[in-house]
Amino acid sequence: MSHPTLPGQPFVHYAQGQLHVEDCAVNALAAQHGTPLFVYSKAAMLAALAAYQKGFAGRNAQICYAMKANSSLAVLQLFAKAGCGFDIVSGGELARVLAAGGDAGKIIFSGVGKTRAEMHEALLVGIGCFNVESEAEIDVLNQVAMAAGRKAPISIRVNPNVDPKTHPYISTGLKGNKFGIAHERTLATYQRAAGLPGLQVVGIDCHIGSQITEETPYLDAMDRMLDLVESIEAAGIPIEHIDFGGGLGINYNGDTPPTADALWTKLLAKLDARGFGQRKLMIEPGRSLVGNAGLCVTEVLYLKPGEQKNFCIVDAAMNDLPRPAMYQAFHSIVPLHASPTVPDSAVYDVVGPVCESGDWIGHDRLLQVQAGDRLAVLSAGAYCMSMSSNYNSRPKAAEVLVDGGQAHLIRQRDSLADQLRGELLL
């Protein structure tokens, strides 16, 4: 049997029959730290970032990591040291960025439901920009800024009604989505915002979705955005920066998204052709920076044959890896030991121990396994740990960041005391 393919993951490979992340054997990490265990490659994250940096070489551009994809402090620290700003969507994310050493002036605050307290705190620390998502939010932010004696820098998030051709739960730029201000209302909203004393218009923003694997939606959205910039500036409101959001997909299962540098070569050519080539640009990649940098190690607990299905029951579950249950998402599942033969392979549904029929990791996977073996769930760096929970009173997994031959524990596994903290008996 040839080694299983590892789609889009040059820093995850087999050496001497053992799965490695960079130069660290994954099985040894699991033996040391237990399972489920998330393992991330520092080199993979920096390589993904380098593709964006290459695409923006010579341009006035700021890359802001969309930290909802993975908000672990060491991951934030890594991107802060690499010069990134951050795209946040809550006061908790603001606190995490600051705790990790991020620059407040490079923070963009997105999200449809910012509270007054969150706005106030963001103003006090001096964030770079609020991405405003509704006309009602404009009024509230103006009130909060005036009460604080500050002027809030804003861009308005436009809903360009462009189909990103992705899962409906992660499509954000269509008329039926909750995000942004309708394309047709944009100019009037800018005129209103520009007249409020607590606000300073600095930019325009759009974000059409996540796990986008085609370039056409980006090109269409850019054309609509630039049309709006022309009409807004014709009305006497200058736009300092244009924020094109994030959403670029990764290879989970034969997906073929454009590389970041190839995509931005085309987008920048369009910007140049329309006379906006020197404008400051902001982008907010998340999944494409961390998704294929991580995997989740899990141990096989039981094999359960059945008339219709064979089940491989593992110790990772939907609370650790929510994407399959939430989005019917595909993750490759590979053994930690590459075997040259498969005399006793079988097709299994890989499932977790949580008491839900939706607790599955992968359907119909050909595996040669027995109880006690360990498997790696690939492409688990984004929207896994950041969306994980303690459902069924299960502890959140530990996390390790690999740097060459060194492995650093960056999150300890939850203890029972961690889970009970803050709860009170009657």
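Return the only residue of A317, A329 being in a loop (DSSP other than H, G, I, E, B), touching a Pro at 6+ places or on another chain (Cβ under 7 Å) and in contact (Cβ under 8 Å) with a residue 24 or more places away in the chain.
On the way: A329 fails: touching a Pro at 6+ places or on another chain (Cβ under 7 Å).
Result of the check over A317, A329: A317.
Within region 1-33, being at pLDDT below 90 and surrounded by fewer than 16 Cβ atoms within 10 Å (Cβ to Cβ) holds for M1, S2, H3, T5, P10. Looking at M146, M45, M119 in this structure, which one is assigned to a helix (DSSP H, G or I), surrounded by fewer than 19 Cβ atoms within 10 Å (Cβ to Cβ) and in contact (Cβ under 8 Å) with a residue 24 or more places away in the chain? Criteria check complete, one pass: M146.
On the phi > 0 side of the Ramachandran plot and of a type in the set (D, E, K, R) - does that describe any residue in region 80-93? Even if it seems obvious, please write down each step before you answer.
Residues of region 80-93 on the phi > 0 side of the Ramachandran plot: 83.
This time we only want the ones that are of a type in the set (D, E, K, R), so: none.
Within region 80-93, none of the residues are on the phi > 0 side of the Ramachandran plot and of a type in the set (D, E, K, R).
The conditions of being touching a Pro at 6+ places or on another chain (Cβ under 6 Å), more than 24 Å from D23 (Cα to Cα) and not in a strand (DSSP E or B) are not met by D418. Report whether or not L78 is in contact (Cβ under 8 Å) with a residue 12 or more places away in the chain, surrounded by fewer than 17 Cβ atoms within 10 Å (Cβ to Cβ) and under 27 Å from Q211 (Cβ atoms). For L78, the condition - in contact (Cβ under 8 Å) with a residue 12 or more places away in the chain, surrounded by fewer than 17 Cβ atoms within 10 Å (Cβ to Cβ) and under 27 Å from Q211 (Cβ atoms) - is not met.
One line per residue, one yes/no per condition, for (1) in the same structural domain as A329 (by TED's automatic domain parsing); (2) touching a residue at least 12 places away in the same chain (Cβ under 8 Å); (3) closer than 30 Å to L336 by Cα; (4) assigned to a helix (DSSP H, G or I):
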site: A221; (1), (2), (3), (4): no, yes, no, yes
site: D227; (1), (2), (3), (4): no, no, no, yes
site: E230; (1), (2), (3), (4): no, no, no, yes
site: G245; (1), (2), (3), (4): no, yes, no, no
site: I250; (1), (2), (3), (4): no, yes, yes, no
site: G254; (1), (2), (3), (4): no, yes, yes, no
site: W264; (1), (2), (3), (4): no, yes, no, yes
site: C296; (1), (2), (3), (4): yes, yes, yes, no
site: E299; (1), (2), (3), (4): yes, yes, yes, no
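Looking only at residues in region 56-71 that are hydrophobic (A, V, I, L, M, F, W, C) and outside any loop (DSSP other than H, G, I, E, B), the one that is surrounded by the fewest Cβ atoms within 10 Å (Cβ to Cβ) is A61. When region 274-294 is filtered for residues that are β-branched (V, I, T) and either assigned to a strand (DSSP E or B) or more than 24 Å from T259 (Cβ to Cβ) (or both), only I283 remains. Looking only at region 197-207, decide whether some residue is under 21 Å from G291 (Cβ atoms) and either modelled with pLDDT under 80 or assigned by TED's automatic domain parsing to the domain that holds G277 (or both). Scanning region 197-207 turns up at least one residue that is under 21 Å from G291 (Cβ atoms) and either modelled with pLDDT under 80 or assigned by TED's automatic domain parsing to the domain that holds G277 (or both).
Here is a yes/no grid of residues against (1) surrounded by fewer than 19 Cβ atoms within 10 Å (Cβ to Cβ); (2) at pLDDT below 95; (3) not basic (K, R):
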position	(1), (2), (3)
A338	yes, yes, yes
P353	yes, no, yes
D364	yes, no, yes
A371	yes, no, yes
L378	no, no, yes
N392	yes, no, yes
E399	no, no, yes
R413	yes, no, no
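Can you say whether G381 is in a loop (DSSP other than H, G, I, E, B), in contact (Cβ under 8 Å) with a residue 12 or more places away in the chain and in contact with a Phe, Trp or Tyr (Cβ under 8 Å, 6 or more places away or on another chain), as far as the supplied structure shows? Break it down into steps so the answer makes sense when it comes.
Numbers: in a loop (DSSP other than H, G, I, E, B): yes; in contact (Cβ under 8 Å) with a residue 12 or more places away in the chain: yes; in contact with a Phe, Trp or Tyr (Cβ under 8 Å, 6 or more places away or on another chain): yes.
Yes: the conditions hold for G381.
In region 93-116, the residue that is farthest from S72 (Cα to Cα) out of those that are assigned to a helix (DSSP H, G or I) and aliphatic (A, V, I, L, M) is A104.
Among the residues making up region 188-215, those that are touching a residue at least 24 places away in the same chain (Cβ under 8 Å) and surrounded by fewer than 20 Cβ atoms within 10 Å (Cβ to Cβ) are T189, Q191, R192, A194, L196, P197, Q200, V202, T213, E214, E215. Does Y52 meet the test of being of a type in the set (F, W, Y) and either modelled with pLDDT under 95 or more than 30 Å from L29 (Cβ to Cβ) (or both)? Yes; evaluated as a whole, the condition is true for this residue.
The values are calculated or read from the model by the stated rules, or taken from the named source; none is laboratory data. Just so it is clear, the model here is predicted, and its values are computed rather than measured. We place every Cβ from the backbone using ideal geometry, glycine too, and count neighbours over all the protein chains shown.
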